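Student: Provided herewith is a single structure, encoded as structure tokens, for subsequent inquiry.
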Amino acid sequence: SFNNPQLELWKNFIMMPLLYFMILATIDNKKQIMSIVWIMLVTTFLMDINFYQSQRWISHETFLKTKRTAGSTFSYLGPNEFATFYAQMTMLIMGLLLTVKEKLKKTIFFGLILFNLYCILFLYSRGAYLASLAGLAFFGLTKKRIILVILLLLFIGWHTVLPKAVIERIEMTKTEEGVDPSVLARFQLWGEAIQEIRMNPFTGAGFGSTQYLGFKTSVGSENKSRRSLHNGYIEILVEQGFLGLSLFLYIFCLSIKKGWNLYQQSDDIFMEGLGLGFVGLVIASLVANLTDDKWSYLNVMGYFWILLGLVVKANQISSSEKEEVFPDIETRVSTLGPKNI
């Protein structure tokens, strides 16, 4: 039935992979790839401005949940999802920053990263903090060791560097009084989910079934059903089993491979940065989904599927260019003929 709410959820989700196929079918050259990436960067900057406008009159001396707002850009999404989008895009921009040579572009990319970090900080998403650190660690290990030094200094002196409200948000994860109630609620949900997984370990209970399975938390005064398990991996296991999770992670592994191949093999600086940044984006996404399910949101993951299409297309263009420049020996011999040889 078209009125089935699970079918509606599936339709909303499958629109994202379709973006990948649309990109492959319509993009023909590097200029188009660069244009789409720049459009993404401009829209991200406009979102930065919008977020700043909604936050500039709010005092961040102390942390309050009421200060966690996504602004009007993603009005129906929570701050965790919004912050994950920013963490992913920051990794993409970081890859571009670490490869381009022009000072103007470096300045633009560096400014965008600073604006994005402002948004990530004051959305108070611990999952996005962790995702950003994981992505930056990747760049430190593969491209610039100085990033690892900066991360080490941040780890040592974060109490003095970070804004006070951000420090309070991080410290409330575990205090002398115990673990943060929101963290305890997640543990409860995951414990219940494991029992459900044992009942259907290979194929799961069905796509979009989590909200109908009656998962509850009893932390504090709350005792209500939850529509999300706050862990993308566990949610896929519940709904699609180990088979579904394996196939899904296989897509992300291939995505990392495609991005890395583009970074290693492309002769174009911008494409090189696109490949490196895309790998960082995927790593940030994988880490962010440890604390919540962001894979099912078009607003958060739509850019991932578009960028995957751009990376694959860039690899194809790069390979075809090399074949034109360096034809194989057999082709050259047959063209020249014995006399010319």
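Student: From the list 18, 97, which one is over 25 Å from residue 297 (Cβ atoms), aliphatic (A, V, I, L, M) and at pLDDT 85 or above?
Tutor: Numbers: 18 fails: over 25 Å from residue 297 (Cβ atoms).
From the options 18, 97, the qualifying one is 97.
Student: Let me ask something else about it. What are the residues in region 267-298 that are open to solvent by 20 Å² or more (accessible area, probe 1.4 Å) and of a type in the set (A, V, I, L, M, F, W, C), if any?
Tutor: 269, 283, 286, 287, 290, 298
Student: If we only count helices (runs of 4 or more DSSP H) wholly inside region 126-208, which ones have 3 or more residues that are closer than 18 Å to residue 231 by Cα?
Tutor: Details: elements: 126-142, 145-161, 164-171, 181-199.
Once the helices (runs of 4 or more DSSP H) in region 126-208 are filtered for at least 3 residues that are closer than 18 Å to residue 231 by Cα, what remains is 126-142, 181-199.
Student: Any idea which of 160, 107, 84 is in contact (Cβ under 8 Å) with a residue 12 or more places away in the chain and either surrounded by fewer than 17 Cβ atoms within 10 Å (Cβ to Cβ) or under 21 Å from residue 285 (Cβ atoms) (or both)? Walk me through it before giving the result.
Tutor: Working: 160 fails: in contact (Cβ under 8 Å) with a residue 12 or more places away in the chain; 107 fails: in contact (Cβ under 8 Å) with a residue 12 or more places away in the chain.
Step by step, each of 160, 107, 84 is checked, and only 84 is in contact (Cβ under 8 Å) with a residue 12 or more places away in the chain and either surrounded by fewer than 17 Cβ atoms within 10 Å (Cβ to Cβ) or under 21 Å from residue 285 (Cβ atoms) (or both).
Student: Could you list, ordered by first residue, the pairs with Cβ atoms under 6 Å in which the first is in region 124-139 and surrounded by fewer than 20 Cβ atoms within 10 Å (Cβ to Cβ) and the second is at pLDDT 95 or above, at least 6 apart or interchain?
Tutor: 130/287; 134/283; 134/287
Student: Sticking with this one: Using the structure shown, decide if residue 269 is more than 21 Å from residue 42 (Cβ to Cβ) and among the hydrophobic types (A, V, I, L, M, F, W, C). Can you show your working first?
Tutor: Values: more than 21 Å from residue 42 (Cβ to Cβ): no; among the hydrophobic types (A, V, I, L, M, F, W, C): yes.
No; evaluated as a whole, the condition is false for this residue.
Student: Kindly list the number of the only condition in (1) open to solvent by 10 Å² or more (accessible area, probe 1.4 Å); (2) farther than 22 Å from residue 256 by Cα; (3) out of contact with any strand residue (DSSP E or B) (no Cβ under 8 Å at 6 or more places or on another chain) that fails for residue 166.
Tutor: (1)
Student: Shifting gears a bit: Hey, among 310, 254, which residue is over 15 Å from residue 138 (Cα atoms), at pLDDT 95 or above and surrounded by 19 or more Cβ atoms within 10 Å (Cβ to Cβ)?
Tutor: Working: 254 fails: surrounded by 19 or more Cβ atoms within 10 Å (Cβ to Cβ).
Within the list 310, 254, the selection yields 310.
The values are calculated or read from the model by the stated rules, or taken from the named source; none is laboratory data. Not measured: the values here are computed from a predicted model. Because the Cβ atoms are built from the backbone with ideal geometry, glycine has one as well, and the counts that use them run over all protein chains shown. Please note that ligands, DNA and RNA were not included when accessible areas were found on the heavy atoms of the full protein model with its side chains. Shrake-Rupley method; radii C 1.70, N 1.55, O 1.52, S 1.80 Å.
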